[in-house]
Structure formats: structure tokens, C-alpha cells
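Trainee: Just dropping this structure here.
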Amino acid sequence: MGNDNRSQSIMVSFRVNGIDRQVSVDPRYALADVLRDELFLTGLHLGCEQGVCGACTVLIDGEPAVSCLTLAVEVQGADIQTIEHLSGSTSGLGDLEKSFIEHGAFQCGFCTPGFLVMGHHILNKGLGKDRDTVRECLSGNVCRCTGYEPIIDAIVAVGAGKEPK
């Protein structure tokens, strides 16, 4: 009898962006890979794949999580929201997305989905008015292009109720 290192697929059920999903996954697959490769939700980006850049941030049961370190089997029964859902609007861009544009809060755009997910979380928790709190909440997200001030400005503007142009 030989040593069989192949993993068996596991059926995982969860809700993604308001839609119930069921996928068969290798137990070693990260949630980010399943979202991107199986469900074609490519808004989240894989940067470091070590949980330190925040580009792959999603909300799991309302709390931010880096999907590159979250195993897909760990989200059984969870409610997941990705950038596609949080930023989607039938009337176009949401206020936070407009504020990012207005404040020049991105350059290359690679980190932007993670910052927007965190920005939505910050605003939903009512924490978007204080610069220091916003800065602290964003500490798990890395931007290599803009620096952080335009991103913080964009979130604080929405938190303060300033209508983006």
C-alpha cells in the first residue's frame, strides 16, 4: 500500500455577495483562490500571499479578513462580501469610490480593493470621522504608490458626510 498524498475534495457552502454558493474544494485551497478561480470574483488581488499586504481583504460575517490566509473550508456557512458587492451600485460608483477618485487615493490600483473593503467596514462601524482611528484601522493594508494620506482623506470625507463631486 503506497503513501497517497492527494487530498480529497470537500463540499463547502457559504453565501457570497448575497448568493448562496456551494463549491468542491481541496482542503488546502485558500479562500482567495476559490473566490478568484472558481467563482470568478477577481476584484480582490493577491499580493503577498502571506497576509501582510491586505490586497485580498474580504468581509467574513461582517469582519475583515485576508482571504489569502483563510482556508476555503473555514468559511462553511459564512457570509462573505467582496469588493464587487461592496462597491457595486445600480447607479454607478458609491460615495466611497467617488471619494477615492476625488482625493486621488490610488495610482496603480493594485491595493485599492483591499483599502475599499476596509473603508466600507470602517464607515459601517461609524469609525470614519477620526483620522487617527482610520489610520489605525488601515494598518493591515499596504500601498506602495500613493502613501496613505489621500486614502485616509477619502474615507474621512465620506465619514464626515461630505458629498463627493
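Derivation of every value follows stated rules applied to the coordinates shown; laboratory data play no part. Computed from a predicted model, the values in this text were never measured in an experiment. In this analysis, Cβ positions are derived from the backbone assuming ideal geometry, glycine residues included, and neighbour counts consider all displayed protein chains.
Trainee: Restricted to the stretch 9-37, and to residues that are of a type in the set (Gly, Ala, Ser) and surrounded by fewer than 20 Cβ atoms within 10 Å (Cβ to Cβ), which residue is nearest to residue 77 (Cα to Cα)? Write out each step before concluding.
Mentor: Filtering the stretch 9-37 down to residues of a type in the set (Gly, Ala, Ser) leaves 9, 13, 18, 24, 30, 32.
Right, trim to surrounded by fewer than 20 Cβ atoms within 10 Å (Cβ to Cβ) and you get 9, 13, 18, 24.
Working: 9: 17, 13: 6, 18: 13, 24: 14 Å.
Ranking the candidates gives 13 first.
Trainee: Of all residues being small (Gly, Ala, Ser) and on the phi > 0 side of the Ramachandran plot in the stretch 59-103, which is surrounded by the most Cβ atoms within 10 Å (Cβ to Cβ)? Just the residue, please. It would help to see each step written out before you state the result.
Mentor: Taking the stretch 59-103 and keeping what is small (Gly, Ala, Ser), we get 62, 65, 67, 72, 77-78, 87-89, 91-92, 94, 99.
Right, trim to on the phi > 0 side of the Ramachandran plot and you get 62, 77, 92.
Numbers: 62: 11, 77: 9, 92: 8.
So, considering only residues that are small (Gly, Ala, Ser) and on the phi > 0 side of the Ramachandran plot, the one surrounded by the most Cβ atoms within 10 Å (Cβ to Cβ) is 62.
Trainee: Something else now. Of (1) touching a residue at least 40 places away in the same chain (Cβ under 8 Å); (2) under 17 Å from residue 34 (Cα atoms), residue 111 satisfies all except one. Which?
Mentor: (2)
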